[in-house]
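The values are calculated or read from the model by the stated rules, or taken from the named source; none is laboratory data. Since we're looking at a predicted model, the values are computed, not measured. So basically every Cβ, Gly included, is an ideal-geometry build from the backbone, and we count neighbours across all protein chains shown.
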Amino acid sequence: MNVKFNNRDPVYVQVIRHFKEQIAKGVLEPGQEIPSRRELANQLKINPNTAQRAYKEMEEQGLIYTEGNLPSKITKDELVLKGVRKELIMEAVETFIYSVQSIQVPLEEVLDLVTEKYQKSQEEGNV
Amino acid sequence: MKRFGKLVHFEFNRFFKIYLVLIGITILSQIIGIIVESTNYINLANKSMYEDHVSLKQFIEENGMMSFAHIGPSLWLLAPIAIVAVSLLFYMIFIWYRDWLGKNTFIYRLLMLPTNRISVFAAKATTILLYTFGMIAIQLVLFQVDAQLLKWIVPDEFRFDMTTREMIQTFDFIGLVFPYSFTEFIIHYGLGMIVVSVVFTMILLERSFRLKGILFAVLYGAAAVLVFILPILLNYLVFNEYLYPGELIIAEIITAFIVLVSSIWTSHYLLNKKIRV
Amino acid sequence: MIEVKDVYKKFGRKPVLKGVSFTAEKGKITALIGINGVGKTTIMNAIMALTPINKGEILINGEKLHKGSFEKITFIPDAITMLPSMKIKDAMQFMDDFYDSWNQERANELLSFFRLKESDKIADLSKGNTAKVNLLLGLALDVDFLLMDEPFSGIDIFSREQIAEVFTSHLIEDRGVIITTHEINDIEHLLDKVVLLDNGVVLKEFNTEEMREKEGKSVIDVMREVYRS
């Protein structure tokens, strides 16, 4: 795992986002074990307390669950998993709309371009 | 206590190699000295008696009998002993400064040991004392070796055998380190310990206050000497030798004790509150 | 917790610390940052009673430093403090002889983590390896608090990476760490807390995550604000 964090957003928030992306992409599967907080800190080169904080938040959001003393696992809850995917899509779309609106481009014009560009980059294998 | 033992052991080992070399030089020089001096004597005797036909009696009248007294005051013996003595005096100071000025500042380690810091002081003092005892013990053994060598090389009729005590007396003032009685032992080494603790305190004053500390150290040293000789001074200057020798000794013991205790207490305070790395 | 309370310190007539106060908690990594020179090391020396202070108080877990404290708190100066003639194993033996808190298992783990040979003489080690041995000797003590003076300076980048790795590993466990540093590139994400010092006073003390969360500022942002104003 090699993630580049920025210095201005809370690191724990960035860690959670990283996990959500991995879940949405399917790199992390439902029920898959995740590293301990110490391992995670080591892998991401972050403070163990931050890793702990991220896991705590994720547990509260239902993204991960822990049974007894076993390692934590990615949730199997379909609703949550779908939610994650939807959340990321919505975020991307919102960012997109914000950028497009700021330069005042009509939606139709943009949508055609989006379709074209998206297909092209799929073909080139860029996504 | 176990840790103190380890600390002494550690301090002892840090100078041990150099110490061994010094002792080695002393032993070699002393044995060579005995061999050279007594062989010279025998050669002279042979030459006088066989070539110049001098009688045994006449030869001994002119040259004296061969004994340790011929060799004791020679440089063969005195020079190495003086070197060892000066080295130990020097090391009494260096034993502290090496921890600050050495390549890796070891004083950090010593001051961060989970023991009372005064035990670092005590370990260093013990080390100096052990080295001194070691030197004396070796010399006492060497006296026996020397006597035996003389017996082997010099025939009975030319030789005058000395007791260990007589041999020590040929050393003059260096003989002071070889006490004859338990009381002398206590006095000599008690004094030695006081000197060591005063010097250590002076070093710690300098190490705590640096430039200003040099002044404090000189003042402390002067005060220690003054307190120590106070009974003698007062007896001569104020009391017109009113005190009996026994009373004077008791007064001396008291002031010596004061100097020792105040040095240890001051060092304890400096090590805990004022020392700088 | 280590509490530094209103500490003043002069070198001769020159004041170095002018009323410094801050705290460092167990389980957290606190960085003492100062861009110019003196003060940081003096604070560490003062905590360990290696230099006297003129005023103020320093408490470790609520009590003043005493001989037993050295089993609870240790200081790793910026240069190794073992004799050059010692082998690594002699240095470890020395620690084992004097500290109840010496953890030989952890020492061995650190030896292999840093890829050090215990038969090597300290005088013959490279700069990076000397720094690692220095660190090892402190880290292998089961203490609550570790003070490290500039653990990242003056060594090659790979040694630096390896040392940074220690901070995120179990080798630190849940101990409290105070490090001094003058540049925080590469290590920003390792810190819980930052104390910014200048001219003998604390200009700002903050939690890094809280600062990011509430004000959206990185440590360097805050440093820029504080030191430039």
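For the range A:28-127, give me every one of the helices (runs of 4 or more DSSP H) that falls completely inside it and has 1 or more residues that are under 17 Å from the mean Cα position of the chain (by Cα).
Ranges flagged: A:37-44, A:48-60, A:78-102.
For the range C:204-216, which residues satisfy the criterion of being closer than 11 Å to A:Pro10 by Cβ and either surrounded by fewer than 15 Cβ atoms within 10 Å (Cβ to Cβ) or touching a helix residue (DSSP H, G or I) at 6+ places or on another chain (Cβ under 8 Å) (or both)? Steps first, please.
Step one: list which residues in the range C:204-216 are closer than 11 Å to A:Pro10 by Cβ, which gives C:207-216.
Answer for the range C:204-216, where residues must be closer than 11 Å to A:Pro10 by Cβ and either surrounded by fewer than 15 Cβ atoms within 10 Å (Cβ to Cβ) or touching a helix residue (DSSP H, G or I) at 6+ places or on another chain (Cβ under 8 Å) (or both): C:Thr208, C:Glu209, C:Glu210, C:Met211, C:Arg212, C:Glu213, C:Lys214, C:Glu215, C:Gly216.
Of (1) of a type in the set (Phe, Trp, Tyr); (2) surrounded by fewer than 17 Cβ atoms within 10 Å (Cβ to Cβ); (3) in contact with a Ser or Thr (Cβ under 9 Å, 6 or more places away or on another chain), C:Phe152 satisfies all except one. Which?
(2)
Go through the range A:19-70 residue by residue and tally those that are at the interface with another protein chain (Cβ under 9 Å from one of its Cβ atoms) and small (Gly, Ala, Ser).
2
Does the range C:195-218 hold any residues that are free of Cβ contacts under 8 Å to residues at least 40 places away in the same chain and aliphatic (A, V, I, L, M), and which are they?
Once the filter is applied, which keeps residues that are free of Cβ contacts under 8 Å to residues at least 40 places away in the same chain and aliphatic (A, V, I, L, M), the range C:195-218 yields C:Leu203, C:Met211.
Can you confirm whether B:Glu62 is assigned by TED's automatic domain parsing to the domain that holds B:Leu140, closer than 28 Å to B:Glu166 by Cβ and among the acidic types (Asp, Glu)? Even if it seems obvious, please write down each step before you answer.
Working: assigned by TED's automatic domain parsing to the domain that holds B:Leu140: yes; closer than 28 Å to B:Glu166 by Cβ: yes; among the acidic types (Asp, Glu): yes.
In short, yes.
Looking at the range B:1-54 only, could you name the residues that are surrounded by 14 or more Cβ atoms within 10 Å (Cβ to Cβ) and either of a type in the set (D, E, K, R) or in a loop (DSSP other than H, G, I, E, B) (or both)?
Matches in the range B:1-54: B:Arg3, B:Lys6, B:Glu11, B:Arg14, B:Glu37, B:Val54.
Checking B:Thr105 against (1) within 14 Å of chain C (Cβ to nearest Cβ); (2) buried (at least 18 other Cβ atoms within 10 Å of the Cβ), which test does it fail?
Condition (2) is where B:Thr105 drops out.
Pairs only if they're at least six apart or on different chains, beta carbon under 6 angstrom, first in the range B:181-203 and outside the structural domain of B:Thr127 (by TED's automatic domain parsing), second modelled with pLDDT under 90 and not in a helix (DSSP H, G or I); list them, first residue then second.
Listed by first residue and then by second, the contacts come to B:Phe185/B:Pro179; B:His188/B:Pro179.
Looking at the range B:240-276 only, could you name the residues that are among the aromatic types (Phe, Trp, Tyr) and more than 14 Å from B:Val195 (Cα to Cα)? Give the steps one after another, and end with the answer.
To start, the set of residues in the range B:240-276 that are among the aromatic types (Phe, Trp, Tyr) comprises B:242, B:244, B:257, B:265, B:269.
Within the range B:240-276, B:Tyr242, B:Tyr244, B:Trp265, B:Tyr269 qualify.
Scan the range A:1-27 for residues that are part of a helix (DSSP H, G or I) and small (Gly, Ala, Ser) and report the count. Step through it out loud before you land on a result.
In the first step, residues of the range A:1-27 are kept if they are part of a helix (DSSP H, G or I); the result is A:11-25.
Subset that is small (Gly, Ala, Ser): A:24.
Of the residues in the range A:1-27, 1 are part of a helix (DSSP H, G or I) and small (Gly, Ala, Ser).
Which condition from (1) more than 14 Å from chain C (Cβ to nearest Cβ); (2) within 17 Å of B:Ser208 (Cα to Cα); (3) within 17 Å of the chain's Cα centre (by Cα) is the one that B:Trp96 breaks?
(3)
Name the strands (runs of 3 or more DSSP E) wholly within the range C:39-157 that hold at least 1 residues that are within 14 Å of chain B (Cβ to nearest Cβ) and over 19 Å from the mean Cα position of the chain (by Cα)?
Details: elements: C:55-60, C:73-76, C:145-149.
Filter on the range C:39-157 gives C:55-60.
Could you list, in sequence order, all residues of the range C:173-194 that are in a loop (DSSP other than H, G, I, E, B), under 25 Å from A:Val15 (Cα atoms) and either touching a His at 6+ places or on another chain (Cβ under 9 Å) or touching a residue at least 60 places away in the same chain (Cβ under 8 Å) (or both)?
Within the range C:173-194, the subset in a loop (DSSP other than H, G, I, E, B) is C:173-175, C:182-187, C:191-192.
Filter once more, so that each one left must be under 25 Å from A:Val15 (Cα atoms): C:173-175, C:183-187, C:191-192.
C:Asp174, C:Arg175, C:Ile184, C:Ile187, C:Leu191, C:Asp192, listed by residue number.
Somewhere in the range C:172-191, is a residue of a type outside the set (Ser, Thr, Tyr), more than 10 Å from every other protein chain (Cβ to nearest Cβ), at positive phi and surrounded by fewer than 21 Cβ atoms within 10 Å (Cβ to Cβ)?
Scanning the range C:172-191, I find no residue that is of a type outside the set (Ser, Thr, Tyr), more than 10 Å from every other protein chain (Cβ to nearest Cβ), at positive phi and surrounded by fewer than 21 Cβ atoms within 10 Å (Cβ to Cβ), so the answer is no.
Looking only at the range A:6-18, filter to residues that are within 8 Å of chain C (Cβ to nearest Cβ) and under 13 Å from the mean Cα position of the chain (by Cα); which one of those is nearest to C:His189 (Cα to Cα)?
Result: A:Tyr12.
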